[in-house]
Amino acid sequence: MERLSRYISPFLLALVTLCAAQFAQARELPDFTQLVEDAAPGVVNISTTSTVERRGMQGSPFSGQDVPDIFRHFFGDRMPPMMPGVPGQGREEQRHSLGSGFIISRDGYIMTNAHVVDGADEIVVRLNDRRELEATLVGADKKTDVAVLKVDAKNLPVLEMGDSDDLQVGEWVAAIGSPFGFDHSVTAGIVSAIDRTLPSDAYVPFIQTDVAINPGNSGGPLFNLEGEVVGINSQIYTRSGGFMGVSFAIPINVAMDIADQLKASGHVNRGWLGVVIQPVSKDLAESFGLDEARGALISEVTDDSPASEAGLEAGDVVLAVDGQKVEDSSTLPRLVGRVSPGDEVTLNILRDGEPQKIDVTVGNWPKEGESVSGSQHQENDSQSRLGVAVSDLDDRMRSQLGVDNGVVVRQVDPQGAAAAAGISRGDVIVSFNGQKIDGTDTLMKAVDEAPIDRAIPVRIVRDGQALFVALRLQSADE
């Protein structure tokens, strides 16, 4: 018996220790019940109605009538082209979409995503107590995807704003929204990464999480464990058409700055230099005398811009703005965009292998419809068909990029033919369908003469390496 007890006691001790450890670990998992109880009254459902021209073939499962608008921001618009002679084409129809939002002031200001209310003729906000209120659009900023609404109400429950700059990777966060119209659904996860850059979103350092986000969550709040709003749920990455564990939120610090400007004037003033930039590859870094690939390479300076007046030149590499490092080309627009127009900033640049400092008085980003380049090479119909914006190379850039001819790609439409072929910003197009490209005009002529709906060869130079890609153009009216 003594021998048996001698073996049982250690076993029981180990079992108790294991159970205690598991219990302690379980207790460390976050409990969101109190957070949801406190925050839910400040989260709203947003429904919109807009009038659009009907597209697609009548009866098609992919017609504009059958594809809810809430899916378009997440999954793209892949409707077939309009077919001439098909009954029902060109008629107006009512389109409805759903999203989320949250209350930021007791007197009825509400924040959401700009894409949730884009083009809306009517906006209805449903509160947690089931009241439905018609909302007016105070202002929207498409560059950051932030919009502010106003409802006629008082003493509304307001959510507490946090500090998104304090977020850390691995931190627990939760979302409340209306995925697929299911009001006040709660999901949770962790912060997967911070300062993420997404295509066509140069001004937002996104928060990446693994919180389950689906259509209808757009515009809803992202909370930390203290119940403070740290972000606005905006986008997901998906290949399947559903949530795949990668979602993105706009940091609340960025959103509140935009909201304050929208409330004050209905629009956003954003700092502007007037330069076209591209990434610094490893080979380019070596050619410029940099110890590593960092900074933003200026490939073009706009005439009569703040950059031009300050003396910035094509070939300069911007390394810092007022002491803040420019890690890569996507960092520069964010840093400059936060500067109030009229303020002066000091840029640390590298020119001809020598570090310099240049003071620049930042301008105001031109409003929609105004030219932001000032260059003679404005985007035209041919560039639109190709899905790129390009600029000519001067002798200095040809030497630095190691090419004798070509044009540099400075912007790519994610839905365009160039993007589908794998062409990226910073690539140099040196030949198109067998034609040597000497400049922008040559490229546009080659695009106009290229066959439609047939793969054509395009030779590009990327990071000093030449390669061919196959590109297929569509007709201009598609």
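The values are calculated or read from the model by the stated rules, or taken from the named source; none is laboratory data. These numbers come from a predicted model, not from an experiment. All Cβ positions, glycine included, derive from the backbone under ideal geometry; neighbour counts span all protein chains shown. Side chains included, ligands, DNA and RNA excluded: accessible areas come from the protein's heavy atoms. Shrake-Rupley method; radii C 1.70, N 1.55, O 1.52, S 1.80 Å.
The residues listed here are SER308, SER329; of these, the one that is among the small types (Gly, Ala, Ser) and closer than 20 Å to SER424 by Cβ is SER329.
For the stretch 422-451, the set of residues classified as in a helix (DSSP H, G or I) and open to solvent by 20 Å² or more (accessible area, probe 1.4 Å) consists of ASP441, THR442, LYS445, ASP448, GLU449, listed by residue number. Restricting ASP448, ASP438, ASP413 to those that are more than 20 Å from the chain's Cα centre (by Cα) and farther than 25 Å from ASP395 by Cβ reduces the list to ASP448.
In the set LEU347, LEU319, only one residue is under 15 Å from ILE277 (Cα atoms) and surrounded by 22 or more Cβ atoms within 10 Å (Cβ to Cβ); that residue is LEU347.
Return the only residue of LEU284, LEU335, LEU290 being part of a helix (DSSP H, G or I) and over 15 Å from VAL362 (Cβ atoms).
Residue meeting the stated conditions: LEU284.
A search for C-beta distances below 7 Å between a residue of the stretch 224-248 that is farther than 11 Å from THR209 by Cα and any residue that is exposed (fewer than 14 other Cβ atoms within 10 Å of the Cβ) and among the β-branched types (Val, Ile, Thr), counting only pairs 6+ apart in sequence or on different chains, returns nothing. Among the residues making up the stretch 297-322, a single one is within 25 Å of the chain's Cα centre (by Cα), at pLDDT 90 or above and of a type outside the set (A, V, I, L, M): ASP322.
Residues of the stretch 228-250 that are open to solvent by 20 Å² or more (accessible area, probe 1.4 Å) and under 21 Å from GLN34 (Cα atoms): GLU228 alone.
Just one of the listed residues (LEU127, LEU156, LEU137, LEU198) is touching a Leu at 6+ places or on another chain (Cβ under 8 Å), among the hydrophobic types (A, V, I, L, M, F, W, C) and over 28 Å from THR33 (Cβ atoms), namely LEU137. Being of a type in the set (D, E, K, R), in contact with a helix residue (DSSP H, G or I) (Cβ under 9 Å, 6 or more places away or on another chain), over 24 Å from SER265 (Cα atoms) and in a strand (DSSP E or B) is not true of ASP165. Being within 17 Å of the chain's Cα centre (by Cα) and within 27 Å of GLN411 (Cβ to Cβ) holds for only one residue in ARG294, ARG239, ARG270, and it is ARG270. Applying the set (1) open to solvent by 10 Å² or more (accessible area, probe 1.4 Å); (2) within 22 Å of HIS115 (Cα to Cα) to ASP166 leaves exactly one unmet item: (2). Restrict the check to the stretch 181-194 and report whether at least one residue is among the hydroxyl-bearing types (Ser, Thr, Tyr), touching a residue at least 60 places away in the same chain (Cβ under 8 Å) and either touching an Asp or Glu at 6+ places or on another chain (Cβ under 7 Å) or open to solvent by less than 70 Å² (accessible area, probe 1.4 Å) (or both). No, the stretch 181-194 has no match at all.
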